[in-house]
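Here's the structure we're looking at; comments come further down.
The values are calculated or read from the model by the stated rules, or taken from the named source; none is laboratory data. Treat the numbers as computed from the prediction; the structure is a model and nothing was measured. Using ideal geometry, Cβ is built from the backbone for each residue, glycine included, and neighbour counts are taken over all protein chains shown.
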Amino acid sequence: MGYTDHCDLYAAVHEDGINLVAQHVMRQRPSWFNYATQYVSDHPQLGCVPVAHTLDVTHYSNPLFKVVSPVPILGTAANSNARTSSRPSFCGPEHIPRRTD
């Protein structure tokens, strides 16, 4: 017995249609889907890939990222007094050493 045996009307939505709507919303409201620290938000070129967005996002100065606080990582020395403090330090992209060529 199928789900539609006693139905007069049946509607189905294909996965591609749902993905198209989701991608459209992601381009219109990128801050709903992209999270970053304040440093990465101020320097979006540090992201792994560029954030896909429409021209309206930048035209109306809407944010590309939702700003969140850095994640505390125990045992890291992200600040100078981390060894003397019992509180966990915060480590963000601004504290990660990078190669410069």
How about the stretch 1-42: which of its residues are exposed (fewer than 10 other Cβ atoms within 10 Å of the Cβ) and modelled with pLDDT of 90 or more? 13, 14, 15, 16
Near pairs, Cβ below 7 angstrom, 6+ apart or cross-chain, from the stretch 10-24 (over 18 Å from residue 52 (Cβ atoms)) to any residue that is assigned to a loop (DSSP other than H, G, I, E, B) and of a type in the set (Val, Ile, Thr): 10/4
Go through (1) part of a loop (DSSP other than H, G, I, E, B); (2) modelled with pLDDT under 65; (3) of a type outside the set (A, V, I, L, M, F, W, C) one by one and return the number of the condition residue 70 breaks. (2)
